[in-house]
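Working notes, structure below.
Every number here is computed from the coordinates shown, using simple stated rules; none is lab data. All of these numbers come straight from a predicted model, not from anything done at the bench. All Cβ positions, glycine included, derive from the backbone under ideal geometry; neighbour counts span all protein chains shown.
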Amino acid sequence: MILQSVSRPAREWLQFLLLLLVPLVCTLLLPRDPEDGSAVGGVAFEQEKYDDAAEKRPDVVFLGNSMLNTRADRKLLARLLAPNRIAFVTAGGSRSLVWYFMLKNFAADFKPPPKLAVIFYRDFDFNVPDEATGGKRGREARAFMRPGDEALMAEIQGAEYNDVESWLEALEPEAYARSRREKLLGIALSLATVGRVSKLDIQAAHEVAFDFDKLRPGVMDAGGLANDALDLDRKIFTDDPQENLLSRFHSVAAAHGIRLCFFRVKRRPDAAGLAPSSPELTRYTADLKAWLEERGHVLVDETDDPRLTLALYHDGDHLAKFAMSDWTRIFAERIGAVMPVPPAPAAE
Amino acid sequence: MVFHSAAYLVFFLIVFTACRLLPLGPQNWFLLGASLVFYGWVHPVWAGLLLFTSMVDFSAARGMARHPQHKRRLLILSAVSNLGVLCTFKYFDFFSTAVADALGAAGWSVNPLLLGLALPAGISFYTFQSLSYVVDVYRGDIPARRSLRDYLLFTSFFPQLVAGPIERAGHLLSQIERPRLFDVRIARSAVLLILWGFVKKLVIADNAAPVANRIFALESPSFPVLWAGVFAFGVQIYADFSGYTDIARGSARLLGFDICRNFNHPWLADSPANFWQRWHISLSRWFRDYVYIPLGGNRHRHLRNLALTFLLSGFWHGAAWNFILWGAWHGLLLIAWQAWSRGPARLGPERLPRMFRIVLVFVLVHIGWLFFREHSLPHLWRHLTTSPLAASATDWHLGLFCAAQVALFALPLALHIALDRWLVTRAATTARTFTGWRWSLAMTVLAALLWCLLLLYRNPTTSDFIYFAF
């Protein structure tokens, strides 16, 4: 044994063991989250979001991420698509796993279920179910999960979620750490209220200063880059349940009489108005469309719409605020054909 | 592989156990294999690149020992291979774009030739470490080593491979060549160091990062908000980089190695020169020994040498103009401070209270962090010309709010300074002197506190260490 030990009294070894063990024992003494049957992995279910959408008794639900949030003017769309009742369930940064949970735990659970679920997606989103399922995004996903969904989450995450967070989280749920960090932010807010300004004023100023429109173009939309960086294997269409969630989407929708509409958004175009494309993407989209149509669903694609020019985009694939109403009108016109009830012509 | 992953924990436990069981020769083979696995975990080809540059340097040094008459040529060969690899991966696209821009400005529009190569993690660190060995052999400071295995372990030793400290052969290689000992007292300090490193990274750096990132994502932040962001980045980069170093040093200590200290409370620096004696010490010493002194040091064209050294230091950090500006800023600070020191004694910096000088250096260093963090030159210019007078009262409160968030998370750093200074007054090294149950209990409580801090205040949205990008 070459890495020999320097001879030390037995008590020093005992002291070393103490140093290793005491912190771990301390973990057991830390206060835990109160038991919450609906919490998955220490994250409470998005009940408020559920109730907001369910109480509308929607005919159509729109599911998605910031692609939907930065495009649809919700009030205008509700008017344009009347008499169909619509509701939105969105989560910034979410991907197909969360959209699946939105469909299963929200839309399909509504009484009655909607007739149509429109899911906003980009290019290969459905082929990368493990995207945005680790770290912060993984915890956000849990807010859309019901007890029993953990197995699917674990299956999708696979080897991706093996970082320090998983075992730290098992010791001390992230939600608890978050609440403590938020308390510190509360103290910071108190410290900042020197003079006559109130906490509410600072919070309001914070909202304004970090408003979406104040951000630099191109700094927020990492999702688009992730979509572009896929390897070739993941650009081939498959409905293998081991590879993606497409067959699960269909099963849930079929069981609840929901028609699916996959809405492919136009990615940020170039100066000539053309969105990025490739032979693989064209083939994949055609295969996905055929697969959906075979099952009575539909794919609507706005990618080739020349009206959606670069001038309408803010950062990455997000649209600028000023473009939302124009986009919503174009969208209503395009989606009208698949609505359960044809929209009234003079709805606006 | 990154330190803050469960994979590293398993990896390290295997390495530690193996090192306890194997004799020196096989132990070094095992450590070499483990280091290559660690480095090639995500991109195995990177390990090949590391082996290539190391073998060229090893052969060059052996050649110097066998054929002293060709020493100079072999040194040039080593420098060309190291810097060639570094330039290809790190600087080629930058130079190509710069040349195309210059030609474009002259009226010849050309498309730059871009390689688009991914930058291998730690390439700047290990090429400098390997190069320093060849230079030391060339100068006759150390003998050329015969064991390729030990040399490869020196360049690839996993705790410090990706983000330093940049070790010297005289220090690390000599430890690789002799039997190591496991000392339970040293191990105790190593565990504390690792825990402290994790707190710095996961609690301090990762909680400061969102503040800095959000502010630097703004198109045109107001003056107080901008500087709150710069402060946040200053805290982030210090906690992030020194946290990495602490985990690296702690891991190496458990394996019986002593890795050099890379930080010594840089926030206490009371002059720009003093800052560089406390910040990224191994890099500062590298540039001093292999660039500044060979250029003439203090003896000949002192100011030019300083400026050139810091420009190169900035360029070492990244192939971008903002890093060059950052290096230039620090060079300028050193030159200006020296000029100030050489002025009338009654007006010199030494006449100021030390606390005032510390605050002044803190502010100047943070102006430098603005150059470092802001990659867009038009935005950098906008930031530098943002007037405090244009900010509203609400902006000042908002800036204070952002800065206070970061300051609260950075409190452990300030407490560490106080604790360290208190301990230093009692012993040179805590591991050797502070024995007995009283100290043991204190250390155990401290470890428990660090662990709880980690669990309770960590930011789950963690990211790679900043210096991985260099």
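Of the residues B:Phe89, B:Ala273, B:Leu449, the one whose Cα sits farthest towards the positive end of the charge dipole of the protein assembly as shown is B:Ala273 (charges of +1 on Lys and Arg Cβ, -1 on Asp and Glu Cβ, taken about the Cα centre). Rg then Dmax, both in Å and based on the Cα atoms of segment B:84-130: 13.4, 42. Take each residue of peptide B:446-456, count the partner chain Cβ atoms within 10 Å of its Cβ, and average: the result is 6. Farthest towards the positive end of the charge dipole of the protein assembly as shown, among the residues A:His318, B:Trp29, A:Asn65, is the Cα of B:Trp29, using unit charges on the Cβ of Lys, Arg, Asp and Glu. With the convex hull drawn over the C-alpha atoms of segment A:74-125, the volume per residue is 96 Å³.
Is there a simple number for the mean count of other chain Cβ atoms within 10 Å of the Cβ of residues in B:18-24, and what is it? Intermediate values should be presented prior to the final figure.
Values: counts 1, 3, 5, 3, 3, 3, 2.
Mean inter-chain Cβ contacts per residue within 10 Å come to 3.
Under Stokes-Einstein, with the Kirkwood radius over Cα pairs as Rh, the value for segment B:78-209 at 10 °C and 1.306 mPa s is 87 µm²/s. Here B:Ile259, B:Ile204, B:Ile417 are placed in order of increasing Cβ neighbour count within 10 Å, fewest first, which gives B:Ile417, B:Ile259, B:Ile204. Fewest-first ordering of A:Val61, B:Val361, B:Val291, B:Val42 by other beta carbons within 10 Å of each residue's beta carbon gives B:Val42, B:Val291, B:Val361, A:Val61.
Could you work out how much longer the chain between B:Ser220 and B:Leu312 gets when fully extended? Use 0.36 nm per residue separation minus the Cα distance between them, nm to one decimal. Mind showing how you got there, number by number?
Values: separation 92, 0.36 × 92 = 33.12 nm, distance 3.02 nm.
Fully extending the segment from B:Ser220 to B:Leu312 adds 30.1 nm.
Per-residue extension of 0.36 nm, minus the Cα-Cα distance of B:Met1 and B:Ser147, leaves a gain of 49.9 nm for this segment.
Per-residue 3J(HN,Hα) values for segment A:73-80, derived from phi via the Karplus relation 6.51 cos²θ - 1.76 cosθ + 1.60 with θ = phi - 60°, read 7, 4, 5, 5, 5, 4, 5, 5 Hz in sequence order (x marks Gly and Pro).
For segment B:246-340, what are the per-bin percents of Cα-Cα distances with bins 10 Å wide, up to the bin holding the maximum? Going out from 0 Å in 10 Å bins, segment B:246-340 shows 16, 41, 30, 12, 1 percent. Calculated over the protein assembly as shown, the projected area of the Cα convex hull averaged across directions stands at 40.7 nm².
From the largest down, chain B spans 69, 68, 49 angstrom on the principal axes of its Cα atoms.
Using only alpha-carbon positions, what ratio does the radius of gyration of segment B:301-427 give when scaled by 2.2 N^0.38 Å?
Values: Rg = 18.2 Å, N = 127, 2.2 N^0.38 = 13.9 Å.
In units of the 2.2 N^0.38 Å rule of thumb, it is 1.31.
Of the cross-linked pairs A:Lys214/B:Lys90; A:Lys49/B:Lys200; A:Lys115/A:Lys266; A:Lys49/A:Lys111, which ones have a Cα-Cα span greater than 27 Å in the structure shown? Please list the in-between numbers first.
Details: A:Lys214/B:Lys90 32 Å; A:Lys49/B:Lys200 36 Å; A:Lys115/A:Lys266 25 Å; A:Lys49/A:Lys111 15 Å.
Among A:Lys214/B:Lys90; A:Lys49/B:Lys200; A:Lys115/A:Lys266; A:Lys49/A:Lys111, the Cα-Cα distance tops 27 Å for A:Lys214/B:Lys90; A:Lys49/B:Lys200.
FRET efficiency for A:Arg8 and A:Ile187, Cβ-Cβ distance as r, R0 = 56 Å, nearest 0.05? After rounding, the FRET efficiency stands at 0.80.
Per-residue Cβ neighbour counts within 10 Å put B:Trp46, B:Trp439 in the sequence B:Trp439, B:Trp46, beginning with the fewest. Model label points for B:Leu268 and B:Trp29, set 7 angstrom from Cα along the Cα-to-Cβ axis, are 4.6 nm apart. Placing +1 on each Lys and Arg Cβ and -1 on each Asp and Glu Cβ, with no other charges, gives segment B:248-295 a dipole about its Cα centre of roughly 120 debye.
State the volume of the convex hull built on the alpha-carbon positions of segment B:288-372, expressed per residue in Å³ and rounded to an integer.
95 Å³
Built from the Cα atoms of segment B:1-112, the convex hull projects on average onto 11.4 nm², one quarter of its surface area.
Between the residues A:Val43, A:Leu299, B:Leu384, the greatest Cα displacement towards the positive end of the dipole of the protein assembly as shown, with unit charges on the Cβ of Lys, Arg, Asp and Glu, is found for B:Leu384.
How big is the Cα convex hull of segment B:267-317 in projection, averaged over all directions, in nm²?
On the way: hull surface 14.1 nm².
Answer in nm², one decimal: 3.5.
Close amide-amide hydrogen proximity is noted between A:Phe62 and A:Ala87, A:Phe88, A:Val89, A:Val118, each under 5 Å apart and 5 or more residues distant or on a separate chain (H modeled in the peptide plane; Pro and chain starts excluded).
Under the 0.36 nm per residue contour assumption, what length would be gained going from the current alpha-carbon distance of B:Trp437 and B:Arg139 to full extension?
Net length gain for the segment: 102.4 nm.
Over segment B:58-152, the fraction of Cα-Cα pairs per 5 Å bin, rounded to whole percents and listed from the shortest bin up, is 2, 13, 18, 16, 13, 11, 9, 8, 5, 3, 1, 0.
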